[in-house]
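See structure below.
The values are calculated or read from the model by the stated rules, or taken from the named source; none is laboratory data. Note that the coordinates shown come from a computational prediction; the quantities given were computed from them, not determined experimentally. Glycine gets a Cβ as well: all are built from the backbone with ideal geometry, and neighbour counts include every protein chain shown.
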Amino acid sequence: MQKFLLSISLVVLALYSGTVITFAQKKAPKEWKCTVYTTAENTDLRISPTGELQFQKAQQPVEKEIWVFVDPSKAFQSVIGIGGAITDASAETFAKLPMTKQNEILKAFFDPKDGIGYSIARTNIGSCDFSSDSYSYVDTNDAQLKTFNVSHDDKYKIPLIKKAIMTAGGSLPLFVSPWSPPAWMKDNNSLIHGGKLLPEHAQNWANYLTKFIRTYESKGIPVWGLSVQNEPMAIQTWESCIFTAEEERDFIKNHLGPTLAKTGLSNKKLIAWDHNRDLFYQRASAIMSDPLAAKYVWGFGYHWYETWSGSGMQFENLKRVKESFPSKHIFFSEGCIEKYDVSKVNEWWMGERYGKSMIIDFNNGSEGWIDWNILLDQTGGPNHAGNFCYAPVHADTNTGKLTYTNIFYYQGHFSKFVKPGAKRIACSTTRDQLLATAFLNKDGKIAVIAMNPTDNSINYNILIEGVTSPVKCLPHSISTIVIK
C-alpha cells in the first residue's frame, strides 16, 4: 500500500509541476529495449539497425573514458518538425520521372513508417532561383490584385505538395516564403538584383501575401506560417528584395501584421529574418524592441550561408536570441550545399555538415530544421540563375535513376526518430570529437543521436538514470539510439 501511494504521489507531482516522469519510475532497466540505427562511410549501413544495448548499473565515470550523459527529467524546447522545401525545381524534376520513381520519392521522404518521415515543408511564393523562369501572380500595375492567380503552380508544385501531404498521413505543416514582390512594386523595377519595396506598394504587397495563403488554402493546402522575406539582406542575381531591420519591423507593424489579423489569418505563424545566423541577433533585437511589431511575430527563421566553413557557423547567436527573447520561437528555415558537381555527389563531408548543424542547432534552442530542395535533377537544378546545388536526392530525368546522397540519411536520423512535439532533453558529452543530442517523444520513446566525424572509431558509454551501456561509434558515422 505504501508503494502504491508513493507511485500515485509521483504521478500527481509530475502532472502538477510539468516535469517528465522518468523511465526509472516506469520500468526496470532490464525491460528497456534500445535499438541502435547507424549510417557510416565505407559501409552499406544507411539508417540500418546495428544492434541492441544491454544496460547495467552505472559506476562513477572516470575521466579517461568517453561518456554521453542523458537526463530525461530535464526537458527544453518542443520540436515543430523536420523537413525540406518543395520548390518549383523539385516539383518539375518530380514530374519528369516515371510513376514508380515518383512513388518511391514520396515514400522515401514523407512516409512516417517506411520513409524518413518529413513532418514540415516549405515552398516559395512566386519564383525563386530554383524555378525555371521568373514569374509573379498578377499582371503589371494591378494594384487591386484583380488578376491574381496561381495557375503557374497548378502544373507542378501544387500537385506535388498535395501528394506529399497525403503520403505524410494527411497533415504536413507548410510555411511559405517570398523571394521578391512583383517588379512594379519595387524601386529597381525588377524581380532580381535586390531592390526595395516601394512605400506606396507596401499595403498592396501585404494584400498579395495574404491572398496567396487564401488561394492555396482554397485548393486544399493548409498554410502553417509565412516568412516576411527570404534573405532580406542579400542582393542576388535571382529574385531578391532588401529589407533593413527597421524596414522589416515597420512592414510587419504597419502592414503585414494588421493585414493578417484583418483577413482572419492571425493564426498563421509570422516568421521574421529568414536569413543567416551572423546578423540574427541584430535583426531579432531590432524587431523585438518595438512591441507593436513584436506582437505579430511568432518567431525567427535562420539559414547557414554566413560561411563556407563548417567551423565558422555562428551557432552561439541562436542561444543569444533564445536567451534574450524566450517567448519567441527559432528554427532553421533553409540550408544546402552549393556549387553542384556531379563527381562530388557522394562526398561524405556534406552529410556531416548537416549532422553537425542539426545537433548543435537543436542544442542551442532550435525548434525545427528545414532543408532546401528535397529533390533536384542531374545538373543540380533546374535553376534559372545558374545557382546549382546539392539535394538529399538527385534524379536523372533522362534515365529515371535516383541518387540518394548521404545528406538524405543524416537528416533521416533526426526526422525518422524525432517527431513533432518531442522535447529536447539534457544530453552532454565528455569529448568534443563526439557530438550528441537527445529527445523525448510524446509516445515515451527517447532518441539519442550521436555523430562521429573523425577517422577513428569511438568507444563510449551512454549513461541514463543510473544505468549504462557501452556503444561503438564507427568512423564518419551517425547513430540514433531509440530507447523504448
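Of all residues in region 115-131, those satisfying the criterion of being in contact with a helix residue (DSSP H, G or I) (Cβ under 6 Å, 6 or more places away or on another chain) and either more than 22 Å from Ala438 (Cα to Cα) or of a type in the set (A, V, I, L, M) (or both) are Ile116, Ile125, Phe130, Ser131. Residues in region 181-213 that are in contact with a Gly (Cβ under 7 Å, 6 or more places away or on another chain) and free of Cβ contacts under 8 Å to residues at least 40 places away in the same chain: Asp187, Asn188.
Determine whether Asn456 is at pLDDT 95 or above, in the same structural domain as Ile47 (by TED's automatic domain parsing) and not in a strand (DSSP E or B). Before you say what the answer is, go through the steps one by one.
Values: at pLDDT 95 or above: yes; in the same structural domain as Ile47 (by TED's automatic domain parsing): yes; not in a strand (DSSP E or B): yes.
Yes: the conditions hold for Asn456.
Do we find that Lys162 is in contact (Cβ under 8 Å) with a residue 12 or more places away in the chain, among the basic types (Lys, Arg), farther than 21 Å from Phe332 by Cα and touching a helix residue (DSSP H, G or I) at 6+ places or on another chain (Cβ under 9 Å) in this structure? Considered against the rule, which asks whether it is in contact (Cβ under 8 Å) with a residue 12 or more places away in the chain, among the basic types (Lys, Arg), farther than 21 Å from Phe332 by Cα and touching a helix residue (DSSP H, G or I) at 6+ places or on another chain (Cβ under 9 Å), Lys162 comes out as no.
When you scan region 406-418, do you find a residue that is assigned to a strand (DSSP E or B), within 21 Å of the chain's Cα centre (by Cα) and surrounded by 22 or more Cβ atoms within 10 Å (Cβ to Cβ), even just one?
From region 406-418, those assigned to a strand (DSSP E or B) are none; that's our starting set.
Within region 406-418, none of the residues are assigned to a strand (DSSP E or B), within 21 Å of the chain's Cα centre (by Cα) and surrounded by 22 or more Cβ atoms within 10 Å (Cβ to Cβ).
Could you pull out the residue among Thr39, Thr87, Thr93 that is touching a residue at least 24 places away in the same chain (Cβ under 8 Å) and closer than 25 Å to Ser477 by Cβ? None of the other options fit; the residue is Thr39. All conditions but one from (1) touching a His at 6+ places or on another chain (Cβ under 8 Å); (2) assigned to a helix (DSSP H, G or I); (3) of a type outside the set (Gly, Ala, Ser) apply to Gln236; the one that does not is (2).
Filtering region 179-206 to residues that are part of a helix (DSSP H, G or I) and closer than 20 Å to Lys268 by Cα leaves Ala202, Gln203, Asn204, Trp205, Ala206.
Can Ser240 be described as surrounded by fewer than 20 Cβ atoms within 10 Å (Cβ to Cβ) and either closer than 29 Å to Asp133 by Cα or at pLDDT 95 or above (or both)?
No, not satisfied.
Yes/no per residue for (1) crowded, with 19+ Cβ neighbours inside 10 Å; (2) out of contact with any Phe, Trp or Tyr (no Cβ under 7 Å at 6 or more places or on another chain); (3) among the acidic types (Asp, Glu); (4) assigned by TED's automatic domain parsing to the domain that holds Asn461:
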{"position": "Pro72", "(1), (2), (3), (4)": "yes, no, no, yes"}
{"position": "Thr93", "(1), (2), (3), (4)": "yes, yes, no, no"}
{"position": "Phe110", "(1), (2), (3), (4)": "yes, no, no, no"}
{"position": "Lys113", "(1), (2), (3), (4)": "no, yes, no, no"}
{"position": "Ile116", "(1), (2), (3), (4)": "yes, no, no, no"}
{"position": "Thr123", "(1), (2), (3), (4)": "yes, yes, no, no"}
{"position": "Ser132", "(1), (2), (3), (4)": "no, yes, no, no"}
{"position": "Ala143", "(1), (2), (3), (4)": "no, yes, no, no"}
{"position": "Tyr156", "(1), (2), (3), (4)": "yes, yes, no, no"}
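Restricting the search to region 239-248, which residues are over 24 Å from the mean Cα position of the chain (by Cα) and assigned to a helix (DSSP H, G or I)? Within region 239-248, Glu246, Glu247 meet the criteria. Whether a residue is out of contact with any Phe, Trp or Tyr (no Cβ under 7 Å at 6 or more places or on another chain) and crowded, with 22+ Cβ neighbours inside 10 Å was assessed, and Thr100 does not pass this test. If you go through region 451-484 and keep only what is over 24 Å from Trp32 (Cα atoms), buried (at least 17 other Cβ atoms within 10 Å of the Cβ) and either among the aromatic types (Phe, Trp, Tyr) or without any contact (Cβ under 8 Å) to a residue 60 or more places away in the chain (or both), you end up with just Asn452.
For (1) outside any strand (DSSP E or B); (2) modelled with pLDDT of 95 or more; (3) under 23 Å from Arg46 (Cα atoms); (4) touching a strand residue (DSSP E or B) at 6+ places or on another chain (Cβ under 8 Å), each residue gets a yes or a no:
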position: Asn103; (1), (2), (3), (4): yes, yes, yes, no
position: Phe109; (1), (2), (3), (4): yes, yes, yes, yes
position: Asp129; (1), (2), (3), (4): yes, yes, no, yes
position: Tyr135; (1), (2), (3), (4): yes, yes, no, no
